[in-house]
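Participant: Quick one: the structure is below, questions incoming.
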Amino acid sequence: MTNEISERLKTPAKGLIITGLLNAVLGITVTTAALIQTLNGKLNRDFANDDERYNYLVGFFTPSVVGIISLILAPVIIFGGIKMLKGRNRNLAICAAVLATIPLTSCCFAAGSIFGVWALVVLMKPEVKAFFRSST
């Protein structure tokens, strides 16, 4: 039974780890691109009107903020996936799964949603809860 539960945890846990790694890479990329644009003076350009300035700034800052949040939370998702893979710390695994599914906390929420929901479904099963309790 223990091996069967460990096998059930493997794929969604690995999916969370991959999602966290992708979030880190995308977060670094988006944050670096925003920093380069800022340093090159792209934010100080002339705009025809206030609407154009507003649209440009929203288009610039929204991905930048999501990238920074993804970069900050990527280690939580990765660590939660590792703990899930080892059958330890169910609460952290649940936290990682939830974070992976939220668009504003994950650059890679399309994959994160799939693996996050899958992980939550597996983690909520009574036999999996018992497995985590027995392995602490």
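The values are calculated or read from the model by the stated rules, or taken from the named source; none is laboratory data. Predicted model only: the values in this text are computed from it and were never measured. A quick note on method: Cβ atoms are made from the backbone with ideal geometry, for glycine too, and the neighbour counts reach across all protein chains shown. In case anyone asks, the SASA skips ligands and DNA or RNA and just uses the protein heavy atoms, side chains included. Shrake-Rupley method; radii C 1.70, N 1.55, O 1.52, S 1.80 Å.
Participant: Condition first: at pLDDT below 90, among the β-branched types (Val, Ile, Thr) and either in contact with a strand residue (DSSP E or B) (Cβ under 8 Å, 6 or more places away or on another chain) or open to solvent by 90 Å² or more (accessible area, probe 1.4 Å) (or both). Now tell me which residues in the range 5-35 satisfy that.
Facilitator: Of everything in the range 5-35, nothing turns out to be at pLDDT below 90, among the β-branched types (Val, Ile, Thr) and either in contact with a strand residue (DSSP E or B) (Cβ under 8 Å, 6 or more places away or on another chain) or open to solvent by 90 Å² or more (accessible area, probe 1.4 Å) (or both).
Participant: What pairs come up if the first residue lies in the range 84-99 and is within 13 Å of Gly112 (Cα to Cα), the second is outside any helix (DSSP H, G or I) and modelled with pLDDT under 95, and their beta carbons are under 8 Å apart, counting only those six or more places apart or on different chains?
Facilitator: Filtered contacts from the range 84-99: Leu99/Ser106.
Participant: Further question: List pairs: first in the range 1-19 and over 15 Å from Lys125 (Cα atoms) and of a type outside the set (S, T, N, Q), second open to solvent by 80 Å² or more (accessible area, probe 1.4 Å) and at pLDDT 95 or above, Cβ under 7 Å, 6+ apart or cross-chain?
Facilitator: Taking only residues 6 or more apart or on different chains, the pairs are Gly15/Trp118.
Participant: Is there a residue in the range 126-135 that is assigned to a helix (DSSP H, G or I), surrounded by 13 or more Cβ atoms within 10 Å (Cβ to Cβ), within 12 Å of the chain's Cα centre (by Cα) and of a type in the set (Phe, Trp, Tyr)?
Facilitator: no
Participant: May I ask you to list the residues in the range 58-115 that are open to solvent by less than 30 Å² (accessible area, probe 1.4 Å) and not in a helix (DSSP H, G or I)?
Facilitator: Scanning the range 58-115 gives Gly87, Ser106, Cys108.
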